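The values are calculated or read from the model by the stated rules, or taken from the named source; none is laboratory data. On a predicted model such as this, the values are computed, not experimentally measured, just so you know. When we count neighbours, we look across all protein chains shown, and the Cβ atoms used for this are built from the backbone with ideal geometry, even at glycine.
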Amino acid sequence: MVSRRHLWVALALTMGAAPAKAETIEVTIDKLVFSPAKIEAKVGDTIKWVNKDVFAHTATVDGGWEVMIPPKKAASLTVKKAVSVDYFCRFHPNMKGHLTVTSP
Amino acid sequence: MFIRSTAALAAVFLLSAAPLSQAADKPTDPQIAHIAYTAGVLDVEAAKQALKKSKNKEVVDFAKDMVRDHEAVNKQALDLVKKLKVTPEDNPTSKALTKAAAEERAKLAKFKGAAFDKAYVASEVAYHKQVNGALETLLIPSASNAELKSLLETGLKIFQGHEQHAEHVAGMLK
Ligand SMILES: [Cu+2]
């Protein structure tokens, strides 16, 4: 009885905490393709680009930020405001992605 | 100048098509590997000339990207031919590409400063366009080994990316 009650309390705490928890959204780069090409995130989430290529790539927003993603490495960006932007690789502009960030 | 070099390269592929079509209608895998590898080496050589001659940051950065990417593709190509036990085979297309690139370098050597930067970047746009065409219409369809075909497809995406990158740099030099 007692343990069951504890379980409910624990569950309630976990559920209550869940919406505030920041997530990491992974984008894989393989053979010059961002996948998934379109991602959705909430303010405070982290986007992690995992580069499987032997080439360096970037995630660049024209007139905005740029993340360098070295070959066979990963790079991250924590999104701080709600926005909807196209991004591309500056070295290979034929690589394209889209990022939508919403308020939590 | 632009038109002339494009015409010269078009001639390259016409010339090379004849002896190859007599042999087997299309290049063999060892020949394809050689052509793709040569195309990369030639772009690295062009970039090294630009690194010596240019003072423009955009052009220097672009040339460094070319060296880095083409050396990376060619390292993959070497690893693959070793794994497949294929010996790249010299052929008329590789020879013609090499000859045309040497002529282009000699021509670019005469330019200085901003004139060199413009001529180099224009030449890079034209060169990547030509190689893209060859990859799409001849090399990829002719490749019989699946791994070689896949590497060529990645190479095509790299070359297409460089063509767009070169066009972007050309736009900034205007
Ligand atoms: Cu890239």
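Looking only at region A:65-92, which residues are over 11 Å from A:ILE29 (Cβ atoms) and in contact with a helix residue (DSSP H, G or I) (Cβ under 7 Å, 6 or more places away or on another chain)?
Passing the criteria: only A:PHE91.
From the list B:LEU139, B:LEU135, B:LEU151, which residue is within 11 Å of another protein chain (Cβ to nearest Cβ), away from the ligand (no atom under 14 Å from the Cβ) and either part of a helix (DSSP H, G or I) or crowded, with 21+ Cβ neighbours inside 10 Å (or both)?
B:LEU151
For region A:53-104, which positions are within 16 Å of the ligand (Cβ to nearest atom), part of a loop (DSSP other than H, G, I, E, B) and surrounded by 17 or more Cβ atoms within 10 Å (Cβ to Cβ)?
Passing the criteria: A:ASP53, A:PHE55, A:ALA56, A:CYS89, A:ARG90, A:PHE91, A:HIS92, A:PRO93, A:ASN94, A:MET95.
Which of the following residues is within 14 Å of another protein chain (Cβ to nearest Cβ) and either free of Cβ contacts under 8 Å to residues at least 24 places away in the same chain or over 13 Å from the mean Cα position of the chain (by Cα) (or both): B:VAL169, B:VAL121, B:VAL125, B:VAL81?
Working: B:VAL121 fails: within 14 Å of another protein chain (Cβ to nearest Cβ); B:VAL125 fails: either free of Cβ contacts under 8 Å to residues at least 24 places away in the same chain or over 13 Å from the mean Cα position of the chain (by Cα) (or both); B:VAL81 fails: within 14 Å of another protein chain (Cβ to nearest Cβ).
Answer to the selection: B:VAL169.
Would you pick out the residues in region A:31-52 that are in a strand (DSSP E or B), within 13 Å of A:GLY97 (Cα to Cα) and either touching a helix residue (DSSP H, G or I) at 6+ places or on another chain (Cβ under 7 Å) or within 14 Å of chain B (Cβ to nearest Cβ) (or both)?
A:VAL33, A:PHE34, A:SER35
Could you tell me whether any residue of region A:34-46 is modelled with pLDDT of 95 or more, within 16 Å of the ligand (Cβ to nearest atom), surrounded by 20 or more Cβ atoms within 10 Å (Cβ to Cβ) and of a type in the set (A, V, I, L, M)?
no
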